[in-house]
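**Q** Can you keep this structure in mind? I'll have questions shortly.
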Amino acid sequence: MNPVVSCEHATARVPERYAALFASADARAALASHRGFDDGARALARDLSRALDAPLVAARATRLLVDPNRSRTNRAVFSEFTRGLPREERERLLERWWAPHRDAVAAAVNEAARGAVLHLSVHSFTPVWDGAERAVDLGLLYDPSRRRERAFCDALHAALAAREPGWRVRRNQPYRGTADGLTTALRRAFREARYLGVELEVNQRLVADAGAWRAARRAIVGAVADAISAATAG
Ligand SMILES: [Zn+2]
């Protein structure tokens, strides 16, 4: 299997042209929070890319500008800071900051050697949502109707349980793998024999301490490598 790694919410960066949209205290607080970027996701994506010798495509601007993990027709593709922009400006955001990321991931899938591509889309989520603690440490998001994705996530789940028995690893939590997102769009573009789309969703609780997060990344990277070996052998 040829791995390809992507990170849709890698950064809280705002391009200079849009700085004025994010000048308020509210906007700055949003950028610094889980709404602005997925804390830890870029480091995990980078480690996976290095260990697996896989191409890495990381978004270069905050999702609050335009979200590459939403369809262009999804209202949530824009945030409250950009939704009210004139149509031409919104089109420009899609063209300059949304499409290039989506196209680069699709190109990496296309350019991979023959056989199946394993696309790992790396994210993190906030431990507390709506006042309730989320009982998930690591979420594996996939389409249960795609046999190969299910089989890979079986192998990954087992490998994670072997390395980190204390982690609560959950399937299609805290989100569904078939919800609107980049992997869902790419499943429509590539047949099952060619494309496996799996989102890794890490609880930001694991990211909070630098040393513990380094160890957690090593465990995740090792488990992914184990699961690729298992899937290739099977
Ligand atoms: Zn994300």
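**Q** For labels at residue 232 and residue 20 in the simple 7 Å Cα→Cβ model, what's the distance in nm?
**A** Taking the simple label geometry, residue 232 and residue 20 are separated by 5.3 nm.
**Q** At a 10 angstrom cut-off on C-beta neighbours, averaged per residue, how do the peptides 73-82, 126-135, 100-109 rank from highest to lowest? Let's see the in-between values first.
**A** Values: 73-82: 15.2, 126-135: 11.2, 100-109: 18.6.
Ranking, from highest mean packing down: 100-109, 73-82, 126-135.
**Q** Then there is this: If you roll a 1.4 Å probe over the heavy atoms of the protein chains, what accessible area per residue do you get for region 2-233, in Å²? Intermediate values should be presented prior to the final figure.
**A** Working: 10770 Å² over 232 residues.
Value returned for region 2-233: 46 Å² of accessible area per residue.
**Q** Next question. Cα atoms only, region 1-160: Rg and Dmax in Å?
**A** Over region 1-160's Cα set, Rg and Dmax evaluate to 16.9, 50 Å.
**Q** Quick one: with all protein chains in place, what share of the accessible area of the chain is carbon or sulfur, to the nearest percent (1.4 Å probe)?
**A** Details: 5280 of 10920 Å².
Summing carbon and sulfur atoms, their accessible area is 48 percent of the total for the chain.
**Q** Counting only C-alpha contacts under 8 Å and six or more residues apart, can you give the relative contact order of region 2-233 as a whole percent? Present the calculation step by step, with values, prior to reporting the outcome.
**A** Details: 396 pairs, mean separation 55.9, N = 232.
Worked out over region 2-233, it gives 24 percent.
**Q** Tell me what the chain gives for mean residue ellipticity at 222 nm when only DSSP H runs of n ≥ 4 count, each as -39,500 (n - 2.57), the sum divided by the residue total, rounded to 500 deg cm²/dmol. Before the final figure, lay out each step's value.
**A** On the way: 7 runs with 89 residues, N = 234.
Estimated from H runs of four or more residues: -12000 deg cm²/dmol.
**Q** Once phi is turned into θ = phi - 60°, what whole-Hz ³J(HN,Hα) does the Karplus curve with 6.51, -1.76 and 1.60 give for every residue of region 13-19, x standing for Gly and Pro?
**A** 4, 10, x, 3, 4, 10, 4
**Q** Round to a whole angstrom and tell me the spacing of the C-alpha centers of region 65-117 and region 1-18.
**A** 10
**Q** How large is the dipole of region 2-233 about the Cα centre if only Lys and Arg carry +1 and Asp and Glu carry -1, each at its Cβ, rounded to the nearest 20 debye? Walk me through the numbers on the way to the answer.
**A** On the way: 37 positive and 28 negative charges, 75 e Å.
Rounded to the nearest 20 debye, it is 360 debye.
The values are calculated or read from the model by the stated rules, or taken from the named source; none is laboratory data. On a predicted model such as this, the values are computed, not experimentally measured, just so you know. Please note: Cβ atoms are built from the backbone with ideal geometry, for glycine as well, and neighbour counts cover all protein chains shown. Heads up: the accessible areas ignore ligands, DNA and RNA and are worked out on the full protein's heavy atoms, side chains in. Shrake-Rupley method; radii C 1.70, N 1.55, O 1.52, S 1.80 Å.
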